[in-house]
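*Asks:* Here's a structure for you.
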Amino acid sequence: MQLVKVGLCAFGMSGKIFHAPFLKEHPGFFISAIVERSKEDSKEKYPEAVIYHSVEEMLQNADIEVVVINTPVQTHFEYAKRALEAGKNIIVEKPFTVNVEEAEELVKLAEQKGLFLSVYQNRRFDRDFLQVQKILNDKKLGEIKEAEIRFDRFRTEPSGKQHKENPEQTGSGSLHDLGSHLVDQAVQYFGYPEKLFADVFSMKGADFANDYFEILLFYKNNIRVRLKSSVFSKEAHYAYVIHGSKGTFLQERTDNQEAELVSGSIPVYGKDWTKPMTESDGILNFLNENNDTERIVTSSEPGNYMNYYQQIYEHIVFGYPLPSPGKEVIQNMKIIDAAIESSQQGKIVNLV
């Protein structure tokens, strides 16, 4: 196989959990460089990678084709721009940037340089997201009328991560963090909305960045899609609720890849690697062709983040479509920026 050399800009949780394990196990990639400013934690598992102490040093010296920008969101624009100017293709962790202007500038620069820019929207490869997508494609719900997508947590104490919780830092807070997933999923399912109304604030108080948001998306065909997240949710809700003219689908958030990776599981190239589910995780209730009610308990198929890197590899080697290209994810940034505007001004914001 053609070998693609990759450099990681950081080796925190994102690097250790979401990127390095998949790059190592995929036979088409080679982790050539890793940035660790003061430690050398990567040496044990990735001894073949050269450790650099700054992104600048890695870009100047490393023999790499792809750079993974997995640093705090406030640095994405700076490092992505430097990598593109150094002639490197880039993968940018979500959230893409802190605002749409930065995103647009990076996409334009990548196009000028003839390089690719992909945003790591890994939740497109979650089992629950894929199951909802399958149900929508099957069209058993009829004409979709309403949907709700939630991503809740119970994290009432501060994490101490300034880039995520300091309200004075642009791009901090749940809206950019978890919201980047929910917005992306809504756009993947239903397309780009006409307008929105949003409520974004901090339940922990003014000293912290937003940890709660609710966004109502309005679509031309009268679909209403609600996106919601709270860090004060002790009991789990259905993460996806889809209502149509012929029925309803309820789906739990059951993807366990992150938890298994944190516990030390190693992903396997070319096949499912997570533990099988022992219980069902969804309910499909609909009117069939005879207008009779069918209520089916459903079970989702495993997700696999390896498929993201497989698509990256196929793009490089075969010219296949790039997963979550930056130009596409600009739409997500427009929605996030509009949600902030809507919440601050208490009004509906037009998107088209």
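The values are calculated or read from the model by the stated rules, or taken from the named source; none is laboratory data. Computed from a prediction, not measured in an experiment: that's the story for all the values here. Virtual Cβ from ideal backbone geometry, glycine too; neighbours counted across all protein chains shown. The accessibility values were calculated without ligands, DNA or RNA, using every heavy atom of the protein model including side chains. Shrake-Rupley method; radii C 1.70, N 1.55, O 1.52, S 1.80 Å.
*Asks:* Quick one: how many residues across the stretch 38-97 are open to solvent by 30 Å² or more (accessible area, probe 1.4 Å), free of Cβ contacts under 8 Å to residues at least 60 places away in the same chain, over 16 Å from Phe116 (Cα atoms) and assigned to a helix (DSSP H, G or I)?
*Replies:* The number of residues fulfilling the criteria is 8.
*Asks:* Scanning the stretch 107-121 for residues that are under 19 Å from Tyr320 (Cβ atoms) and among the aliphatic types (A, V, I, L, M), which turns out surrounded by the most Cβ atoms within 10 Å (Cβ to Cβ)? First the steps, then the outcome.
*Replies:* Kept after step one, since they are under 19 Å from Tyr320 (Cβ atoms), are these residues of the stretch 107-121: 110-111, 114-121.
Of the ones still in play, those that are also among the aliphatic types (A, V, I, L, M) are 110, 115, 117, 119.
Details: Ala110: 22, Leu115: 18, Leu117: 27, Val119: 29.
So the residue we want is Val119.
*Asks:* Quick check, is Ala62 at pLDDT below 95, over 18 Å from His315 (Cα atoms) and aliphatic (A, V, I, L, M)?
*Replies:* Details: at pLDDT below 95: yes; over 18 Å from His315 (Cα atoms): yes; aliphatic (A, V, I, L, M): yes.
Criteria met by Ala62.
*Asks:* Would you check if there is a residue in the stretch 80-91 being modelled with pLDDT of 95 or more and closer than 15 Å to Gly15 by Cα?
*Replies:* Narrowing the stretch 80-91 to residues modelled with pLDDT of 95 or more: 80-91.
Then keep just the ones that are closer than 15 Å to Gly15 by Cα; that gives 90-91.
Scanning the stretch 80-91 turns up at least one residue that is modelled with pLDDT of 95 or more and closer than 15 Å to Gly15 by Cα.
*Asks:* Evaluate the following for Glu111: is it in a helix (DSSP H, G or I), out of contact with any Lys or Arg (no Cβ under 9 Å at 6 or more places or on another chain), closer than 27 Å to Ala338 by Cβ and of a type in the set (Asp, Glu)? Reasoning before the result, please.
*Replies:* Details: in a helix (DSSP H, G or I): yes; out of contact with any Lys or Arg (no Cβ under 9 Å at 6 or more places or on another chain): no; closer than 27 Å to Ala338 by Cβ: yes; of a type in the set (Asp, Glu): yes.
No; evaluated as a whole, the condition is false for this residue.
Rundown of residues vs (1) free of Cβ contacts under 8 Å to residues at least 40 places away in the same chain; (2) within 30 Å of Arg295 (Cα to Cα); (3) among the hydroxyl-bearing types (Ser, Thr, Tyr), yes/no style:
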| site | (1), (2), (3) |
| --- | --- |
| Gly142 | no, yes, no |
| Ala147 | no, yes, no |
| Gln169 | no, no, no |
| His181 | no, yes, no |
| Tyr192 | no, no, yes |
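*Asks:* Continuing with the same structure: State all residues of the stretch 146-196 that are of a type outside the set (D, E, K, R), surrounded by fewer than 18 Cβ atoms within 10 Å (Cβ to Cβ) and assigned to a strand (DSSP E or B); if no residue qualifies, say none.
*Replies:* Selection gives Phe154 alone.
*Asks:* Residues being in a strand (DSSP E or B), over 15 Å from Leu351 (Cα atoms) and touching a residue at least 24 places away in the same chain (Cβ under 8 Å): count how many of those fall in the stretch 197-224.
*Replies:* So in the stretch 197-224, the residues in a strand (DSSP E or B) come out as 197-201, 212-218, 224.
Checking which are over 15 Å from Leu351 (Cα atoms) leaves us with 199-201, 212-214.
Those still in the list that are touching a residue at least 24 places away in the same chain (Cβ under 8 Å) too: 199-201, 212-213.
Number of matching residues: 5.
*Asks:* For the condition in contact with a Leu (Cβ under 6 Å, 6 or more places away or on another chain), surrounded by fewer than 23 Cβ atoms within 10 Å (Cβ to Cβ) and either modelled with pLDDT under 95 or more than 19 Å from Asn332 (Cα to Cα) (or both), what is the one hit in Ile34, Ile17? Talk me through it step by step, then tell me what you get.
*Replies:* Working: Ile34 fails: surrounded by fewer than 23 Cβ atoms within 10 Å (Cβ to Cβ).
Ile17 is the lone residue from the list that is in contact with a Leu (Cβ under 6 Å, 6 or more places away or on another chain), surrounded by fewer than 23 Cβ atoms within 10 Å (Cβ to Cβ) and either modelled with pLDDT under 95 or more than 19 Å from Asn332 (Cα to Cα) (or both).
Every residue, every condition in (1) under 20 Å from the mean Cα position of the chain (by Cα); (2) modelled with pLDDT under 95, yes or no:
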{"position": "Tyr120", "(1), (2)": "yes, no"}
{"position": "Gly142", "(1), (2)": "no, no"}
{"position": "Thr156", "(1), (2)": "no, yes"}
{"position": "Asn166", "(1), (2)": "no, yes"}
{"position": "Gly191", "(1), (2)": "yes, no"}
{"position": "Gly205", "(1), (2)": "no, yes"}
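*Asks:* Sticking with this structure for a sec: If we keep just the residues of the stretch 216-232 that are more than 17 Å from the chain's Cα centre (by Cα), surrounded by 15 or more Cβ atoms within 10 Å (Cβ to Cβ) and not hydroxyl-bearing (Ser, Thr, Tyr), which is farthest from Lys327 (Cα to Cα)? Full working, then the answer.
*Replies:* So the first thing to find is which residues in the stretch 216-232 are more than 17 Å from the chain's Cα centre (by Cα), and the list is 216-226, 230-232.
Still in the running and surrounded by 15 or more Cβ atoms within 10 Å (Cβ to Cβ): 216-219, 223-226, 230-231.
With the extra rule that they be not hydroxyl-bearing (Ser, Thr, Tyr), the set shrinks to 216-218, 223-226, 231.
Details: Leu216: 23, Leu217: 21, Phe218: 22, Ile223: 25, Arg224: 25, Val225: 23, Arg226: 24, Val231: 31 Å.
Applying the filter and picking the extreme gives Val231.
*Asks:* Can you tell me which residue within the stretch 1-56, out of those that are among the aromatic types (Phe, Trp, Tyr) and under 24 Å from the mean Cα position of the chain (by Cα), is nearest to Tyr309 (Cα to Cα)?
*Replies:* Checked the stretch 1-56; the qualifying residue nearest to Tyr309 (Cα to Cα) is Phe22.
*Asks:* Also, quick follow-up: Filtering the stretch 241-255 down to residues that are open to solvent by 40 Å² or more (accessible area, probe 1.4 Å) and assigned to a loop (DSSP other than H, G, I, E, B), which residue is farthest from Glu301 (Cα to Cα)?
*Replies:* Only one residue tops the list, namely Ser245.
*Asks:* Counting only residues that are surrounded by 11 or more Cβ atoms within 10 Å (Cβ to Cβ) and either of a type outside the set (S, T, N, Q) or at pLDDT below 95 (or both), how many does the stretch 262-285 have? Even if it seems obvious, please write down each step before you answer.
*Replies:* Taking the stretch 262-285 first, the residues surrounded by 11 or more Cβ atoms within 10 Å (Cβ to Cβ) are 262, 265-270, 272-275, 277, 280-285.
Of the ones still in play, those that are also either of a type outside the set (S, T, N, Q) or at pLDDT below 95 (or both) are 262, 266-270, 272-273, 275, 277, 281-284.
Residues in the stretch 262-285 being surrounded by 11 or more Cβ atoms within 10 Å (Cβ to Cβ) and either of a type outside the set (S, T, N, Q) or at pLDDT below 95 (or both): 14 in total.
*Asks:* Oh, and also: Restricting to the stretch 135-145, name every residue that is in a helix (DSSP H, G or I) and touching a Leu at 6+ places or on another chain (Cβ under 8 Å). Spell out the reasoning first.
*Replies:* Step one: filter the stretch 135-145 for residues in a helix (DSSP H, G or I), giving 135-138.
Selection gives Ile135 alone.
*Asks:* For the stretch 300-347, which positions are loosely packed, with under 15 Cβ neighbours inside 10 Å, outside any helix (DSSP H, G or I) and touching a residue at least 12 places away in the same chain (Cβ under 8 Å)?
*Replies:* Of everything in the stretch 300-347, those that are loosely packed, with under 15 Cβ neighbours inside 10 Å, outside any helix (DSSP H, G or I) and touching a residue at least 12 places away in the same chain (Cβ under 8 Å) turn out to be Glu301, Lys347.
*Asks:* Among the residues of the stretch 286-299 satisfying the criterion of being open to solvent by less than 40 Å² (accessible area, probe 1.4 Å) and touching a Leu at 6+ places or on another chain (Cβ under 7 Å), which is farthest from Ala80 (Cα to Cα)?
*Replies:* Quick first cut of the stretch 286-299, residues open to solvent by less than 40 Å² (accessible area, probe 1.4 Å) only: 286, 288, 298.
With the extra rule that they be touching a Leu at 6+ places or on another chain (Cβ under 7 Å), the set shrinks to 286, 298.
On the way: Phe286: 47, Thr298: 41 Å.
Looking at the filtered set, the residue picked out is Phe286.
*Asks:* If only one of Leu130, Leu136 is surrounded by fewer than 21 Cβ atoms within 10 Å (Cβ to Cβ), within 27 Å of Gln311 (Cβ to Cβ) and touching a Phe, Trp or Tyr at 6+ places or on another chain (Cβ under 7 Å), which one is it? Give the steps one after another, and end with the answer.
*Replies:* Working: Leu130 fails: touching a Phe, Trp or Tyr at 6+ places or on another chain (Cβ under 7 Å).
Going through Leu130, Leu136 in turn, just one is surrounded by fewer than 21 Cβ atoms within 10 Å (Cβ to Cβ), within 27 Å of Gln311 (Cβ to Cβ) and touching a Phe, Trp or Tyr at 6+ places or on another chain (Cβ under 7 Å): Leu136.
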